[in-house]
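Before any comments, here is the structure.
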Amino acid sequence: MFIDQVTNAGAMPALRATMSFAGQRQTLIAHNIANVETPNFRPLDVSTAHFQAVLGEAIDRRRAATGGSAGELRFETTRELRPGRDGSIRLNPQTTTGNILFHDRNDRDLERMMQDLAENYGAYRLASELLRVETSKMQRALTERVG
């Protein structure tokens with residue numbers, strides 16, 4: 001179908017995947033911050049570097065299959081990510097390690113969580129702005145406007 005070809009071209013699938021990842025990760029980080037004082041709480045997270053590697057592999061597979069930048073991105077199932085039936089990605093968060101274990105058996109680092117929150121928000125904003133620009137270009141082309 002024509003609209004699928006248009007919406008699965010260029011950077012749009014990668015930007016949508018990035019927004020989906022960042023949105024789901026934002027929920028995880030907020031949950032971790034909300035439970036920072038909960039005894040025996042272990043924060044959950046997913047690796048952004050792992051997501052970027054999986055996204056890069058999906059883009060490379062798409063390029064190899066189509067010879068360019070068109071077509072759906074197909075993600076491989078990994079320990080932290082799994083593709084949804086609708087082409088989306090689902091996170092499978094893991095317990096983070098490396099933080100200080102406090103006397104209440106809580107594994108927390110509030111400063112790191114706040115840093116992750118800010119960085120993740122920045123990634124989401126960037127992807128959403130780039131996607132807005134891409135859809136704006138498409139809208140101008142469909143309405144035959146120049147500018």
Looking only at region 49-85, which residues are part of a loop (DSSP other than H, G, I, E, B) and free of Cβ contacts under 8 Å to residues at least 40 places away in the same chain?
G67, G68, R74, E76, T77, T78, R79, E80, G84, R85
All positions within region 25-59 that are open to solvent by 60 Å² or more (accessible area, probe 1.4 Å) and either among the aromatic types (F, W, Y) or modelled with pLDDT under 90 (or both):
E37, P39, N40, R42
Note down all Cβ pairs under 6 Å where the first residue falls in region 114-143 and is charged (D, E, K, R), the second is at pLDDT below 90, and they're at least six residues apart or on different chains.
E134/M12
Got at least one residue in region 66-81 being closer than 17 Å to M19 by Cα and modelled with pLDDT of 90 or more?
yes
Number of the exception - A70 against (1) open to solvent by less than 80 Å² (accessible area, probe 1.4 Å); (2) touching an Asp or Glu at 6+ places or on another chain (Cβ under 8 Å):
(2)
Determine whether Q139 is polar (S, T, N, Q), modelled with pLDDT of 75 or more, more than 23 Å from the chain's Cα centre (by Cα) and open to solvent by 80 Å² or more (accessible area, probe 1.4 Å).
yes
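The values are calculated or read from the model by the stated rules, or taken from the named source; none is laboratory data. As the structure is a computational prediction, the values presented were derived from the model and not from experiment. Every residue, glycine as well, gets a Cβ built from its backbone with ideal geometry; the counts of neighbours run over all protein chains shown. Note: areas computed on protein heavy atoms with side chains; ligands, DNA, RNA excluded. Shrake-Rupley method; radii C 1.70, N 1.55, O 1.52, S 1.80 Å.
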